[in-house]
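Input: a single structure, listed below in structure tokens.
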Amino acid sequence: MSAKPSTDPRGAAVEVLLAVLGRGRSLDRALSEHGPGGDDPRDVALCRAIAYGVLRHHRRLGAIRDHFLRSRLKSRDQDMALLLEVGFFQLTEMDMPAHAAVSETVAEARRRGKPWAAKLINAVLRRFQRDSAACLQAVDADPGRSASVPDWLLARLRRDWPDDWPALLAAQNTRAPMTLRVNQRRSSREAYRGRLAAEGIGARPLDGFEDALVLDHAVAVSALPGFAEGDCSVQDAVAQWAAPLLGAADGDRVLDACAAPGGKAAHVLERAAASLLAVDSDGERLQRVTETLDRLGLSAEVRVADASDPGQWPAAERFDRILIDAPCSGTGVIRRHPDIKWLRREADIAHLAVRQRALLDTLWPRVAPGGRLVYCTCSVLRAENEAVVEAFVADQDDVTVVPPVLPVGRPVGHGHQILTGEAGVDGFYYACLDKR
């Protein structure tokens, strides 16, 4: 049983980690429920940094812990096992004095009423300081431990990307940049960049992404000039290619079939005066679509529905453009959501592929002749991307595959795959299918 939530950022981080690794909560939800008490933004920032960092390096940190312990800690002391990982993370990855990292981690064990653990943690962390080189050499001899990735995911990445998997794994453990999409209905990218500069916020354009600005340092959205008025949105640059590939024109009837949280639907409407239907099966998440559109001054029909269910669609309903941003493993955005590595299971991939194919099968008949369907995921696994599209196209007699031409990534059969970290963007897959 864990102690009551701590006001110390390290203790709060342990509670977050227990929620994710012990109870299967998402990292976002765990942070909202177990963040540190008090109003000091420095404590909030430290808690987040530790929680994100430990999840990025969880397997490696656990291996370091096991290297020094004679026996595993009991299940009732999982909080102490994770507190050791917090200590190792501070010593290996954070820019803080080693004595502070050790003393504050030990103090948290005492605050949690486990003086025996405080002595153990103090001894283990100090021994690591003395013997870190030999320990890390032994731990990092295994690539799964070194990159802190589950064996099943490592095997799939090595199989799918035999020449790229080391760089891909390294990119997954980096911090993703904060990228904006400038609303060009309201401002040019360069003009908005100037407004950022006037606020002391550095930003750079990204070649091949006409609406994107990558910030030098992440800031709160409240610090972005004109954010509340709809002058910009936060969206990774590679996700900003969905709307241009869809190519909606004024007056087109457009379906965004898995619309939440609404960034891609909003981008479509920023580029064209289209009639857009935003659908999602999760009513709570769909509310975020409405909020996004309202902030940007855009309008669309919003509907709670399972887009893969044929019964949801009138027989005569047709769309000029359909976007399927399919539910997927999220393996292309692990650097933003490191909990994915520990919450996702290998068996999920086959189930997701079935769902992805069902969306294609159901929605392809709803594409008007001469129309286009864009299929995309934030996955880097072939089983969810090229394999799904390849099998679907083989079963159709009215599909023209239009290979996307993108400034990053590589063509892969029927589509285009971007791997995490290429040009600094997230991992993503796109396929464009035109109806003859």
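Divide by every residue of the chain the summed helix terms, -39500 (n - 2.57) for each DSSP H run of at least 4, and state the resulting mean residue ellipticity at 222 nm, rounded to the nearest 500 deg cm²/dmol.
-13500 deg cm²/dmol
From the Cα gyration tensor of region 312-421, with a ≥ b ≥ c the square roots of its eigenvalues, which class applies: rounded if a/c is under 1.5, or else prolate if a/b is larger than b/c, or else oblate?
Verdict is prolate for region 312-421.
Quick check: residue separation of residue 229 and residue 249 times 0.36 nm, minus the Cα distance between them. What number comes out in nm?
Result: 4.7 nm gained on full extension.
At what distance in nm do the modelled label points of residue 347 and residue 131 sit from each other, each positioned 7 Å from its Cα along Cα→Cβ?
Label at residue 347, label at residue 131, 3.9 nm between them.
With only Lys, Arg, Asp and Glu charged, each at its Cβ (+1 for the first two, -1 for the last two), find how big the charge dipole of region 265-315 is about the Cα centre; round to the nearest 20 debye.
200 debye
Pairs of Cα atoms under 8 Å, at least six residues apart: use those to get the relative contact order of region 345-436, whole percent.
Here the relative contact order equals 34 percent.
Could you give the C-alpha radius of gyration of the chain expressed as a fraction of 2.2 N^0.38 Å, taking N as the number of residues it contains?
1.06
Within 10 Å, count the other beta carbons around each residue, average over each peptide in 221-230, 109-118, and list them highest first.
Highest to lowest by the protection proxy: 109-118, 221-230.
Summarise the accessible area of the chain (1.4 Å probe, protein heavy atoms) by the percent that is carbon and sulfur.
The nonpolar share, carbon plus sulfur, comes to 50 percent.
What distance in nm separates the two pseudo spin-label positions at residue 107 and residue 303, each 7 Å out from Cα along the beta-carbon direction?
The modelled label-to-label distance comes out at 5.8 nm.
Tell me, what does the Kirkwood hydrodynamic radius of region 232-301 come to in angstroms if you use every pair of distinct C-alpha atoms?
11.9 Å
Using the beta-carbon distance between residue 70 and residue 316 and R0 = 56 Å, what value does 1/(1 + (r/R0)^6) give for FRET efficiency, to the nearest 0.05?
0.20
Which peptide among 342-349, 245-252 comes first, and what is the full order, when sorted by highest mean count of other Cβ atoms within 10 Å?
245-252, 342-349
Please give the residues of region 278-312, grouped as numeric ranges, whose backbone N is less than 13 Å from a label point set 7 Å along the Cα-to-Cβ vector of residue 358.
281, 306-312
What number results when the radius of gyration of region 1-159, computed over Cα atoms, is divided by 2.2 N^0.38 Å?
1.01
Quick one: how many Å² of residue 140 are accessible to a 1.4 Å probe, rounded to 10?
Ignoring ligands and nucleic acids, residue 140 comes out at about 50 Å².
In nm, what is the difference between 0.36 nm times the number of residues separating residue 185 and residue 119 and their Cα-Cα distance?
Answer, rounded to one decimal: 17.7 nm.
I'd like the distance separating the alpha-carbon centroids of region 421-436 and region 207-257, in whole Å.
One Cα centre to the other: 16 Å.
Based on the Cβ-Cβ distance of residue 436 and residue 199, what FRET efficiency does E = 1/(1 + (r/R0)^6) give at R0 = 60 Å, to the nearest 0.05?
0.75
Kindly report the accessible area of region 1-114 per residue (heavy atoms of protein chains, probe 1.4 Å, no ligands, DNA or RNA), in Å².
Counting only protein heavy atoms, the per-residue value for region 1-114 is 46 Å².
Kindly rank 150-160, 196-206 from highest to lowest mean number of other beta carbons found within 10 Å of each residue.
150-160, 196-206
Normalised by the number of residues in the chain, what is the relative contact order in percent for Cα pairs under 8 Å and 6+ residues apart?
Computed over the chain, the figure is 12 percent.
If you count the DSSP beta bridges with both ends in the chain, what percent of them are antiparallel, to the nearest 5?
60 percent
Report the full-extension gain for the segment residue 140 to residue 423: residue separation times 0.36 nm, less the Cα-Cα distance, to one decimal in nm.
Result: 99.2 nm gained on full extension.
What is region 163-252's relative contact order, in percent, from Cα pairs under 8 angstrom and six or more apart in sequence?
34 percent
The values are calculated or read from the model by the stated rules, or taken from the named source; none is laboratory data. Computed from a predicted structure; not experimentally measured. FYI the Cβ positions are ideal-geometry reconstructions off the backbone, even for glycines, and counts take in every protein chain you see. Protein only, heavy atoms only, side chains kept; ligands, DNA and RNA dropped before computing areas. Shrake-Rupley method; radii C 1.70, N 1.55, O 1.52, S 1.80 Å.
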